[in-house]
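The structure under discussion appears below in the form of structure tokens.
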Ligand SMILES: [Zn+2]
């Protein structure tokens with residue numbers, strides 16, 4: 001090879017090496033740039049994400065503060081009932097004030113086939129016979145008819161030590177099982193729901209005579225506690241369906 005050719009060959013190799021080195025530097029630079037840009041993007045996203053999270057959290061807290069409590073629903077009107085108050089007498093209507101109502105006590109009459117009116121007249125008769133002390137604020141008959149015997153601001157003789165702070169409801173029964181008819185049941189649910197609203201009571205304030213004294217009254221709903229629980233559930237559902245939200249000032 002001529003000296004000139006050799007020099008050209010060397011020069012060619014040298015340029016190629018320089019070119020390779022430059023390309024390598026360029027590709028490394030591009031990689032570093034890529035990494036740096038990626039890191040920058042991630043940082044920006046993290047900051048933006050954090051800010052968005054704080055913003056939404058703030059909005060939620062603001063919404064929670066602004067949320068107005070919904071007033072509880074109450075049933076505003078009672079079922080139809082006859083008012084046939086007992087004469088004031090020692091045995092069934094003492095006339096003592098019922099100063100505070102903290103509960104509603106459900107009973108059964110224990111005399112199958114009798115009407116609300118017959119039971120009311122029995123209580124009235126106690127005033128003359130003096131046979132025993134007994135009465136109830138309301139009596140519901142097997143056809144769903146209801147009679148009020150004692151004003152709600154006077155005590156009745158129905159629930160022993162809870163006479164002083166409860167309203168009592170006697171339910172008539174068609175037979176020995178003590179199960180209420182559908183009609184009785186419906187009136188009981190409506191009457192109880194209305195009384196709960198009137199006295200600001202919860203469904204836990206609705207109790208059986210059994211819960212006061214351990215007496216098997218109302219019989220069917222003592223023998224079948226699940227039926228009693230269902231009755232209370234039905235009261236809540238009734239209020240949910242027919243109740244209205246009171247207007248809060
Ligand atoms: Zn009872």
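If you go through region 154-162 one residue at a time, do you hit one that is away from the ligand (no atom under 16 Å from the Cβ) and in the same structural domain as residue 131 (by TED's automatic domain parsing)? Yes.
Against the definition (within 15 Å of the ligand (Cβ to nearest atom), in contact with a helix residue (DSSP H, G or I) (Cβ under 9 Å, 6 or more places away or on another chain) and in the same structural domain as residue 238 (by TED's automatic domain parsing)), how does residue 190 come out, yes or no? So residue 190 fails the test.
Look at residue 106 and say whether it is within 13 Å of the ligand (Cβ to nearest atom), assigned by TED's automatic domain parsing to the domain that holds residue 223 and in contact with a helix residue (DSSP H, G or I) (Cβ under 8 Å, 6 or more places away or on another chain). For residue 106, the condition - within 13 Å of the ligand (Cβ to nearest atom), assigned by TED's automatic domain parsing to the domain that holds residue 223 and in contact with a helix residue (DSSP H, G or I) (Cβ under 8 Å, 6 or more places away or on another chain) - is met. Here the condition is being part of a helix (DSSP H, G or I) and in the same structural domain as residue 110 (by TED's automatic domain parsing); of 204, 175, 200, it holds for 204 alone. Filtering region 205-225 to residues that are away from the ligand (no atom under 16 Å from the Cβ) and surrounded by 16 or more Cβ atoms within 10 Å (Cβ to Cβ) leaves only 205.
Look at residue 236 and say whether it is within 16 Å of the ligand (Cβ to nearest atom) and in a helix (DSSP H, G or I). It is false that residue 236 is within 16 Å of the ligand (Cβ to nearest atom) and in a helix (DSSP H, G or I). Flag: residue 86 matches the condition of being more than 16 Å from the ligand (Cβ to nearest atom), crowded, with 21+ Cβ neighbours inside 10 Å, over 10 Å from residue 172 (Cβ atoms) and over 35 Å from the mean Cα position of the chain (by Cα). Taken together, 70, 101, 147 contain a single residue that is over 24 Å from residue 185 (Cα atoms) and away from the ligand (no atom under 15 Å from the Cβ), which is 70. The criterion of being more than 16 Å from the ligand (Cβ to nearest atom) and buried (at least 17 other Cβ atoms within 10 Å of the Cβ) does not hold for residue 228. Applying the set (1) in contact with a strand residue (DSSP E or B) (Cβ under 8 Å, 6 or more places away or on another chain); (2) within 18 Å of residue 208 (Cβ to Cβ); (3) surrounded by 15 or more Cβ atoms within 10 Å (Cβ to Cβ) to residue 134 leaves exactly one unmet item: (1). Among the residues of region 166-187, the ones that are within 16 Å of the ligand (Cβ to nearest atom), touching a residue at least 60 places away in the same chain (Cβ under 8 Å) and under 11 Å from residue 143 (Cα atoms) come to 4 in all. No other residue among 202, 135, 198 is within 16 Å of the ligand (Cβ to nearest atom) and either closer than 23 Å to residue 74 by Cα or at pLDDT 95 or above (or both) apart from 135. For residue 220, the requirement of being more than 30 Å from residue 72 (Cα to Cα) and in a helix (DSSP H, G or I) is met.
The values are calculated or read from the model by the stated rules, or taken from the named source; none is laboratory data. Remember, predicted model here, so these are calculated numbers, not experimental data. Neighbour counts run over all protein chains shown; Cβ positions are idealised from the backbone, glycine included.
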